[in-house]
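This report concerns only the one structure given below.
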Amino acid sequence: MSEIVLDVRDLEAGYEPGVPIVRGASITVKKGEIVVVLGPNGAGKSSFIKAIAGLVPITGGSVFLDGKDITAAPAHTMVRLGLAFVPQTENIFPLMSVEDNLKVACGILERREIPARIEEMYAAFPDLVRQRRTAAGNLSGGQRQMLAVARALIVHPKVLVLDEPSAGLSPKFVSTVFEMLAGIRKSGVTILLVEQNAKAALAIGDRAYVLVEGKDRHEGIAAELWNDPVVAELYLGQRPLGAEKTGHAGKGGTA
Ligand SMILES: Nc1ncnc2c1ncn2[C@@H]1O[C@H](COP(=O)(O)OP(=O)(O)OP(=O)(O)O)[C@@H](O)[C@H]1O
Ligand SMILES: [Mg+2]
């Protein structure tokens, strides 16, 4: 029987009283899965995962992490509870070195554990070890995301939650980021991922949900959703996602 790590039920959340942005969204993430949340622009995907992470006020519903009710837990307690959130932007300290970025992410670890844990992150992300003295702001887009993810993983989270890790990256780095996430899942980490890049996200995901106007409207096996006409209807309002790849030159942003 698979164990549910994250259980979000009928979540309602928003920035202003009386203006819900997340309107009754429910998802589950099982141990070891990559679950993808897709949806059109402005559907409330970022608001949804920020609410889970304690960053947007919740007005209804519940969030359980490993069976524990964390609905009312403040954002700064999430890491200790086992939820590591990687925001879309401002997820590293650009003026600090790579190594200092990792060190300051170690807050909840035992002091004596920290040097070995930093070395483990370098072993997992060899690009970072070569740049350990570099200011994080000077990294490439792909390496920045690696650092942001390493900062989140360093404290052994039960679930890694990411908002659009491929946003703004060139196609080469997009595939680097998705390969990295697939590798992290292989190492046993549970992942909840919001992505615009539906094709690449569905390629590494196990299951996916489509969020529309703040509500989960469809769910399925990731590999099956790419050609699912219901998803196309919800997501684009018309064509199947698979029919999307005319238009831009090149590989359409995926490997
Ligand atoms: N800080 C904020 N204050 C008030 N309203 C906000 C704030 N952030 C987002 N919203 C509103 O919430 C709605 C959903 O936005 P959100 O960013 O969650 O959508 P999204 O699905 O992540 O979109 P995108 O695909 O563009 O990333 C939008 O109408 C947006 O204007
Ligand atoms: Mg967003």
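Residues that are surrounded by 20 or more Cβ atoms within 10 Å (Cβ to Cβ) and touching a Phe, Trp or Tyr at 6+ places or on another chain (Cβ under 9 Å) number at least 3 in the following strands (runs of 3 or more DSSP E) confined to the range 11-94: 22-30, 34-38. When restricted to residues that are in a helix (DSSP H, G or I) and among the aliphatic types (A, V, I, L, M), the range 95-125 contains 9. Answer yes or no as to whether Phe48 is among the aromatic types (Phe, Trp, Tyr) and within 16 Å of ligand 2 (Cβ to nearest atom). When the stated conditions are applied, Phe48 passes them. Of all residue pairs spaced 6 or more apart or on separate chains, those with beta-carbon atoms under 6 Å, a first member in the range 35-64 that is of a type in the set (Ser, Thr, Tyr) and a second member that is open to solvent by 10 Å² or more (accessible area, probe 1.4 Å) are Ser47/Ile21; Thr59/Glu12; Ser62/Arg9; Ser62/Thr71. Do the conditions hold for Asp100, that is, is it touching a helix residue (DSSP H, G or I) at 6+ places or on another chain (Cβ under 6 Å) and among the acidic types (Asp, Glu)? No: the conditions fail for Asp100. What about Met121, is it away from ligand 1 (no atom under 16 Å from the Cβ), more than 28 Å from Thr71 (Cα to Cα), over 13 Å from the mean Cα position of the chain (by Cα) and not basic (Lys, Arg)? Yes; evaluated as a whole, the condition is true for this residue. Figure legend. Inter-residue proximity from the range 166-191: first residues on the phi > 0 side of the Ramachandran plot, second residues at pLDDT 90 or above and open to solvent by 50 Å² or more (accessible area, probe 1.4 Å), beta-carbon distance below 9 Å, spacing 6+ or different chains. Indicated pairs: Gly168/Gln88; Gly168/Thr89; Gly188/Lys31.
Here the range 33-54 is the region considered, the condition is being more than 14 Å from ligand 1 (Cβ to nearest atom) and under 14 Å from the mean Cα position of the chain (by Cα), and the residue that is farthest from Val230 (Cα to Cα) is Glu33. Which of (1) within 16 Å of ligand 1 (Cβ to nearest atom); (2) under 24 Å from Ala148 (Cβ atoms) does Pro57 not meet, given it meets every other one? Result: Pro57 fails condition (2) only.
State all residues of the range 130-170 that are of a type in the set (Val, Ile, Thr) and either open to solvent by 50 Å² or more (accessible area, probe 1.4 Å) or not in a helix (DSSP H, G or I) (or both); if no residue qualifies, say none. Thr134, Ile154, Val155, Val159, Val161, listed by residue number. Taking Ser2, is it within 15 Å of ligand 1 (Cβ to nearest atom), of a type in the set (S, T, N, Q) and open to solvent by 30 Å² or more (accessible area, probe 1.4 Å)? The answer is no for Ser2.
The values are calculated or read from the model by the stated rules, or taken from the named source; none is laboratory data. Quantities reported herein were computed from a predicted structural model and do not represent experimental measurements. Don't worry about glycine lacking a Cβ; one is built from the backbone with ideal geometry, like all the others, and counts go over all protein chains shown. Heads up: the accessible areas ignore ligands, DNA and RNA and are worked out on the full protein's heavy atoms, side chains in. Shrake-Rupley method; radii C 1.70, N 1.55, O 1.52, S 1.80 Å.
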